[in-house]
Amino acid sequence: MEDLLVPPRQSRRALAPWIGYLNQRWNEGRTDSGLLFREIQVLGYPDSSRSVRRWLEPLRSSPAPTPKLPTTPTVRQVTGWLTRHPDALTSHEALQFKHLLARCPELATASKRVRNFARMMKNLNGEHLPVWIDQTETTDLPPLRNFARHLRQDLDAVTADLTLRWNSGPVEGHVNRIILWNPSCQVLPRMVPLRICVGGLGRRPEDSVAVNMGISGFKPSFLVGIEAVRQAHGSRLATLVGRRLTGFALVRFVEDGDWFADCPVVMDFDGLQTEVCHSKLEELSIGWNTIDTAATITGWEWCELTPQWSHDDERLEPFVGQELREVALLEWRPADHDLAAGSVAVEFAFTEGCLRIVNGLDENRIEVGAAQPDYVRHRLGR
C-alpha cells in the first residue's frame, strides 16, 4: 500500500509539501477527495482540487484502507510545536500544527501571541511591548492575560530587558531559584503536572521530590557540609574500596528515555548498595540498601510521563566489573564564590577511570574523568 501513496507525475510538484499529510489521512480512512482538498486548502495549499483527485485515482483500484483513529498529539508535542522556532519543525509537524490551529481558535491565538513575544526577544524590539500587552489583555486566555498584566507592572524593566544587549537575566534566575527553595512557596508535585518539578522541597525526608515520586524504600537524610557528610558516611564509604561495581540503577522516563536526575543514583558493590542523591545547592543524602529497584515507581497517574528504573547508562556501564581503588568526598571551593560553594560530591576511582556524582544545581549530575580544579579532595580510607 505504501508504494501506491505516490501521486501521479503531473500533480507531484503541486502536492509535494502535503504528501505526508495526505498519506496519513488516507491511511486513517479519509478517501473523499473533496474533504482532503478542503483540509489541505486550509493548511495553505494554493492549487485546485484536480491534483488531489488525480492523486486518488490509482488508489481507487486498491482495497480501501481500514479506517483507524488518527493519532492525537500529546500536550507535550503541542507545547513543543508552540514554543519551538517554526523553522525547527519538520514539514509533517508543521502541517499537523497548522491543522490543529485551524480547528482550535484559542490555540491559534496563543500561538500568535507566543511567537510575537519570541520575535521581540530575538530581535530586541522592546518598543513593541506595550502594543503586545494591549493585544494580549484582550484575549480570552486567562494565563496569557495574567502574564501580560504582570509585565505591565514592571514595564520599564521588561522593556529594557527586551531592548538592551545586556540584562539581569542570570541574576533574576538565581533570585527565582532562591524563591523556589522557600517551602512556603511550594506546592505538592501532584498539583504541578510538569517535568520541571525538581529539587528538594525541604529538609525533611518526606519533603524530597524523589520520595513523593513513589520510589520504594527511599528514605533520604540530607546533610549539609563536608564534615557532616564525612562523619555520617565516611567510614562506610571507605569499606567499598576493593569491591567491584556489579550494577547500577537510574530512573528514566519510558516515553523518551530521559534521565530523571532528581532521583538517586544507585550503585551496587558486590551486594553493598549505596544510594547517592543531591538536593538544592548544598544538600547530599547517601543511603545504604534501602531502595528496591525491582519495585514499580508509583503515583504518576497524574502525568503523561512514566518513570521506571533503568540499568542502562553509557557513563556508568564502562565501570561495571571494575575494582574500586579509592573513594573521596569533593568539596566545591571555586576561586570566585558562587551559590554552590561548599557543596559535596562523591568520587569513585576505579582501576580504569574515575566517576563522580555531583550536585547539578538542584539535582544529580554524573561526571567521568578528571575533576575540575576547584574541587578540594578529601580522601577516605586507605
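Could you size up the charge dipole of region 331-382 around its Cα centre, putting +1 on the beta carbon of Lys and Arg and -1 on that of Asp and Glu, and report it in debye to the nearest 20? Working shown, then result.
Working: 6 positive and 9 negative charges, 68 e Å.
Roughly 320 debye for region 331-382.
What whole-number value in Å² describes the accessible area per residue of region 209-290 for a 1.4 Å probe?
With all protein chains present, region 209-290 gives 34 Å² per residue.
Between VAL75 and THR290, what is the label-to-label distance in nm when each label sits 7 Å out along the Cα-to-Cβ direction?
Calculated label separation equals 3.1 nm.
If we sort 277-290, 215-228, 309-322 on the protection proxy, mean other Cβ atoms within 10 Å, highest first, what's the order? Could the numbers behind the result be given before it?
On the way: 277-290: 21.6, 215-228: 17.7, 309-322: 14.9.
Descending packing order for the listed peptides: 277-290, 215-228, 309-322.
May I ask for the net charge around THR274, where only other residues with Cβ less than 12 Å from the Cβ of THR274 are counted and Lys, Arg are +1 while Asp, Glu are -1?
-1
Multiply the residue gap between SER48 and ARG115 by 0.36 nm, knock off their C-alpha separation, and tell me the result in nm, one decimal place.
Contour length minus the Cα-Cα distance gives 21.0 nm.
How large is ³J(HN,Hα) for each residue in region 322-335, as worked out from phi by the Karplus curve 6.51 cos²θ - 1.76 cosθ + 1.60 (θ = phi - 60°), to whole Hz, x for Gly and Pro?
3J(HN,Hα) across region 322-335, in whole Hz: 8, 7, 7, 9, 7, 10, 9, 9, 10, 9, 7, 10, x, 4.
Once the Cβ-Cβ distance between ARG244 and GLN308 is put in as r, and R0 is 22 Å, what FRET efficiency do you end up with, to the nearest 0.05? Provide the component values of the computation, followed by the final result.
On the way: r = 26 Å, r/R0 = 1.17.
Step by step, r from the Cβ atoms, then E = 0.30.
Would you mind counting up the charge near GLY321? Only other residues with Cβ under 13 Å from its Cβ, with Lys and Arg at +1 and Asp and Glu at -1.
Details: positive: ARG243, ARG244; negative: ASP268, ASP270, GLU317, GLU323, GLU352.
Neighbour charge sum, excluding GLY321 itself: -3.
The values are calculated or read from the model by the stated rules, or taken from the named source; none is laboratory data. In this text, all values refer to a predicted model and were calculated from it rather than measured experimentally. With ideal geometry, Cβ positions are generated from the backbone for all residues, glycine too; neighbour counts draw on all protein chains shown. Surface areas here come from the heavy atoms of the whole protein model, side chains and all, with no ligands, DNA or RNA. Shrake-Rupley method; radii C 1.70, N 1.55, O 1.52, S 1.80 Å.
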